[in-house]
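Taking it in order: structure first as structure tokens, then the write-up.
Nothing in this text is a laboratory measurement; each read-out follows from the coordinates by a stated rule. Keep in mind that this is a model prediction, so the values were computed, not measured. We place every Cβ from the backbone using ideal geometry, glycine too, and count neighbours over all the protein chains shown.
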Amino acid sequence: MLSPHPRLSHTFDVAIVGLGYVGLPTALTFHAAGARVLGIDVSTNRLEAIQAENVDLLESDRVRLAAALRGDGLDMTADVSRLSEATAVIVCVPTPVTEHLAPDLRALAAACETVVEHAVPGQCLILTSTTYVGCTADLLVKPLVAKGFVIGTDLHVAFSPERIDPGNDRHAHEDVPRVVGGVTDRCTAAAVKALSRCTDNLHQVSSAEVAEMSKLLENTFRAVNIALANEFANASRTLGIDVMEVIEAAATKPYGFMPFYPGPGAGGHCIPCDPHYLLWQLKAERVSMPVVENAMWAIAGRPGHVVDRVREVLSDHGKGLRGSSVLVLGVAYKPGVEDLRESPALEIIEGLLAAGAVVSFHDQLITEVTLGGQTLTSVDPADAEVDIVVAHTPQRGAEFIWHNPDQLILDATYRMAGQSGRIAL
């Protein structure tokens, strides 16, 4: 029992473990609120990129980063032993899935092991990475107890899922409500105190497990509704209807409906990954979730549908896919980011190449893509002479104007109505 140990005087108010797409904006939000922040990342390349301001951030966060680097109150290091210098520790590391759609917990397990190793009495440890229900207990509570800590007395442990939307500047980080669930009531109170340094909008729940499940529900909800929107898009095309007009009409209802939009698939760190954490966990309990399972299979199959539609459209115009030139417009998983993680464009390009097509791409934010040992470099779409363009993720400000008004454009964004040559996915 470690409770008689004196509480240490901490140099930093908060330490952020992992300075990626979640961790860095989180660190900047705390710093902007006046907190003393220690940023920790095991990648020295990432730390150098941050120091050089060569990172993918919203413009508002770029301003915060520049101010933080010029001023005081933000220290960044790869030295994990310095975790003991912080009053609160927030874990923000990726939680992807494997190629077999099972949770890939290597980064999270390593981060939690490091946090446990350097934990000192008086700290509040907050896990924010999306994961399975009970992960906070498994990776933080149990090893801390094994070391002799009394949770809720010596240390406080909580889960508070991140809610950062990369590339979206409509919601400031500090304005988005945060769910907070502690292992004990005192843990919840300590986590609320720590997080209130940068936001007052905190929603307390009864346990870490409830907080963990809430994040899984958020992104599973999105996945299911995206799959549904894709199905309506297919049905609308079959019936000769503009699905975007259908969605716009349905969205006029002020209750009971929330608009989701079809596309070439779902990419990024959340939708293609998070529901699989729940499905994986429930398999051990022999519990099925057929709605979720079918939605995830439908989302996974969407890039293949795009390749099939390219083949169909070319065939309708007297061409085969093999030997045809295809330009993919935008390869990031969403507009406004330089992020290729789980981007449907990668699978689409692979499928097109496997079918014998000659593939190129254009993306204002991404210059190169390497697939199967082959490196593609972004080209100027105005100069590209291709058989068909696949509009995947047009970055903001892109001009969809080609010298040839007859250019075939397969619109996987469903947002290019009126463009000559445009064909709906």
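Helix by helix, which DSSP H runs in the chain go 18 Å or more along their axis at the Cα atoms and have an average Kyte-Doolittle hydropathy of -0.5 or more? Present the calculation step by step, with values, prior to reporting the outcome.
Numbers: long enough: 208-238 (46 Å, 0.02); 290-316 (36 Å, 0.03).
What comes out of the filter, once short or polar helices are dropped, is 208-238, 290-316.
Placing unit charges on C-beta atoms (Lys and Arg positive, Asp and Glu negative, everything else neutral), compute the dipole magnitude of the stretch 1-99 about its Cα centre in debye, rounded to 20. Before the final figure, lay out the partial values.
Working: 7 positive and 12 negative charges, 64 e Å.
Using only the charged Cβ atoms, the result is roughly 300 debye.
A dipole drawn for the chain from +1 and -1 charges on Cβ atoms has a positive end, and of 373, 325, 129 the residue lying farthest that way is 129.
Compared with the direct C-alpha span, the chain from residue 235 to residue 322 gains 28.5 nm at full extension, assuming 0.36 nm per residue.
Length gained on full extension, residue 48 to residue 246, computed as 0.36 nm times the residue gap minus the Cα-Cα distance: 66.5 nm. The dipole here belongs to the chain: it is taken about the Cα centre, uses +1 on the Cβ of Lys and Arg and -1 on the Cβ of Asp and Glu, and is about 940 debye.
Are there any trypsin sites (Lys or Arg not before Pro) in the stretch 162-244 that are in a DSSP loop and have at most 14 other Cβ atoms within 10 Å? List them by number. Walk me through the numbers before you get to the answer.
Details: sites: 163, 170, 178, 186, 193, 197, 215, 222, 237; in loops: 163, 170, 197.
Hits after loop and neighbour filter: 170.
How much net charge surrounds residue 260 when only the other residues with a Cβ under 13 Å from the Cβ of residue 260 are counted, with Lys and Arg +1 and Asp and Glu -1? The partial results should precede the final answer.
Details: positive: 222; negative: 231, 248.
Result for the local shell: -1.
What is the list of residues in the stretch 352-373 whose amide nitrogen lies under 19 Å from a point 7 angstrom out from the Cα of residue 415, following Cα to Cβ? Correct set: 362-366.
Given charges of +1 on the Cβ of Lys and Arg and -1 on the Cβ of Asp and Glu, with all other atoms neutral, how large is the dipole of the stretch 301-424 about its Cα centre, in debye to the nearest 20? Show your work: numbers first, answer last.
On the way: 10 positive and 17 negative charges, 66 e Å.
Taking the Cα centre of the stretch 301-424 as origin, the dipole is about 320 debye.
Our helix-only sum for the chain, with -39,500 (n - 2.57) per DSSP H run of n ≥ 4 divided by its residues, gives a mean residue ellipticity at 222 nm of -11000 deg cm²/dmol. In the stretch 206-240, which residues have a backbone nitrogen under 19 Å from the label point lying 7 Å from residue 171's Cα in the Cα-to-Cβ direction? Label zone hits: 211-227.
Model label sites at residue 63 and residue 294, defined 7 Å from Cα along the beta-carbon direction, differ in position by 4.8 nm.
Could you tally the net charge around residue 345, taking each other residue with its Cβ under 12 Å from the Cβ of residue 345, Lys/Arg +1 and Asp/Glu -1? Write down the numbers at each step before the final one.
Working: positive: 302, 334, 341; negative: 339, 342, 347, 350, 363.
Around residue 345, the surrounding residues sum to -2.
The stretch 100-147 and the stretch 194-234 have their alpha-carbon centroids 20 Å apart. Each of 257, 232 was scored by other Cβ atoms within 10 Å of its Cβ. Arranged with the fewest first, they read 257, 232.
What's the local net charge at residue 114, with K and R +1, D and E -1, over the other residues with C-beta under 12 Å away?
Numbers: positive: 82; negative: 41, 79, 113, 117.
Computed value for this residue: -3.
Using the average count of surrounding beta-carbon atoms within 10 Å as a protection proxy, the listed peptides 263-271, 317-325 rank, highest first, as 263-271, 317-325.
Full extension of the chain between residue 109 and residue 368 yields a length gain of 90.1 nm, computed as 0.36 nm times the residue separation minus the alpha carbon distance.
Counting other beta carbons within 10 Å of each Cβ, put 19, 65, 340 in order, fewest first.
Ordered from fewest to most neighbouring Cβ atoms within 10 Å, 19, 65, 340 come out as 340, 65, 19.
Each of 54, 191, 353 was placed along the dipole of the chain (beta-carbon charges, centred on the mean Cα), and the one lying farthest toward the positive end is 191.
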